[in-house]
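Notes to accompany the following structure.
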Amino acid sequence: MIIVIVGPTGIGKTKLSIALAKKYNTEIISGDSVQVYKGLDIGSGKVTNQEKAGISHHLIDILEPQEDFSVAIFQKMVREKVNEMQQRNIMPIIVGGTGLYIKSVLYDYNFENATRDHSLDVIYQYFSNEDLHELLEEKDYEISLRIHPNNRKRVLQAISRSSVNKISENKNKDIPLYEFKIIGLTMDREKLYELINLRVDEMLTQGLLKEVKTLYNNGINSNSVRSIGYKELYKHFSGEYELDFAIEKIKQHSRNLAKKQYTFFNNQFNVNCLDVDIDNCEKTIEEAINLIEKD
C-alpha cells in the first residue's frame, strides 16, 4: 500500500509525513514540483536535514533550476521509486501539494499522445503572451507557474498537452494502479490564510531574499523560477516591484494556490480528511495513524 499526504501549502504535511515514516520504518517521496530543484529551498518549503530526522527523502535536489521538469518526468521517476520500495517490502509515503503530479502516479494516466498541436499557433495567433498564459493558468495552474508568459512556444506546448491529456478526459482516469490511502489535511480557511501569511514572514526571516538574490545574480533565467516566492522577488530585483509590494503578492498568490489546491484535491481524490490541530501535533499524528490502519 502507498500512503499519500496531500493538502494546501503551509498546513503541516512535512511534519506529519516524517512522524509516519518513523512509525512505519519507511521512506518519503516528495510530491512537489519545485523541491526537485537545487537552490530553491526556503521558498519551496523544502524539508531541512534537521527536519528529516534520518528519514530518507526522494525526488528532492535532483535537478538544476534551468533543467526542464514535467508531470510526465515526475510520473516516471516516482513509479520507479515506488516499485523499488515495494520490492524492499516498505510502504512508500508520497507527500506534497502538486495534485496533478500525484494523480498521474496513482492512476492509469499516460502521456503518449502529449505532443505539440501546431494548429494552436493559428487558433491563438491574436492572443497576447499574457492572454495565452492566463489560458494556461485556467487549464493547468501548476504547470503555468513553471513557464514565463513570454516563452510563447512552451506556453502553447503546455496548452496542447493539457488539452490532449487532461485527467478529466482520460479514458483510464479512474483506474488505480496501486492500493493507496490518501490523507487530506484541512483547516479552517481563515486560520490557514493567517498561517500562510506568517509562513511567508518566517521564510523572509530565514533568508528568502538572499536565496532568490543568489539565483538572480547567478543569471538563472526567470523562466526557471516561476514558482511563488521566486517570481515576485525576481520582479523586485529587476525593479518592477517594491519589496513590500512583492511580499504582499507572495502572500496573496500563496493563499490563491491553497484555495486551488483544496478544490483540486476535493474534486480529484477520494480523500480521508483530517482536520489539523496546530496546537496539538500528536493528536493529528494519532488520528492519521487511525485512518491508515482503519479497514
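Since every read-out is calculated from the coordinates, none of them should be taken as a lab result. The model shown is predicted, which means the values in this text are computed figures rather than measured ones. All Cβ positions, glycine included, derive from the backbone under ideal geometry; neighbour counts span all protein chains shown.
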Packing-ranked peptide list from 192-205, 8-21, highest mean Cβ count within 10 angstrom first, is 8-21, 192-205
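Quick one: net charge of Y193's neighbours, Cβ under 12 Å, K/R +1, D/E -1? List each step's numbers first, then the result.
Details: positive: R189, K191, R199, K251, R255, K259; negative: D188, E190, E194.
Value of the local net charge: +3.
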Once both label points are put 7 Å beyond Cα along the C-beta direction, the N83-E194 separation in nm becomes 4.8 nm
Nearest-0.05 FRET efficiency for D279 and A53 at R0 = 22 Å, using Cβ-Cβ distance, is 0.55
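Work out, in µm²/s and without decimals, the Stokes-Einstein translational diffusion coefficient of the chain at 25 °C, 0.890 mPa s, Rh from Kirkwood over C-alpha pairs. Please report the intermediate quantities before stating the final value.
Working: Rh = 19.9 Å.
In µm²/s, the coefficient is 123.
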Protection proxy (average C-beta count within 10 Å per residue), highest first, orders 267-278, 31-42 as 31-42, 267-278
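Count the net charge of all other residues whose Cβ sits under 11 Å from the Cβ of L243, scoring Lys and Arg as +1 and Asp and Glu as -1. Don't skip to the answer; put the middle values down first.
Working: positive: K235, K249; negative: E232, E242, D244, E248.
Neighbour charge sum, excluding L243 itself: -2.
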From the Cα centre of the range 234-270 to that of the range 1-36, the distance in Å is 22 Å
Taking 0.36 nm per residue of separation between K76 and E137 and subtracting their Cα-Cα distance, the length gained on full extension comes to 19.6 nm
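Per DSSP H run of at least 4 residues, take -39500 (n - 2.57); add these up for the chain, divide by its residues and hand me the 222 nm value, nearest 500 deg cm²/dmol.
Values: 13 runs with 148 residues, N = 295.
Rounded to the nearest 500, it is -15500 deg cm²/dmol.
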Placing each pseudo-label 7 Å from Cα in the direction of the beta carbon, N272 and Y178 end up separated by a distance in nanometres of 1.5 nm
Placing each pseudo-label 7 Å from Cα in the direction of the beta carbon, K23 and I123 end up separated by a distance in nanometres of 4.7 nm
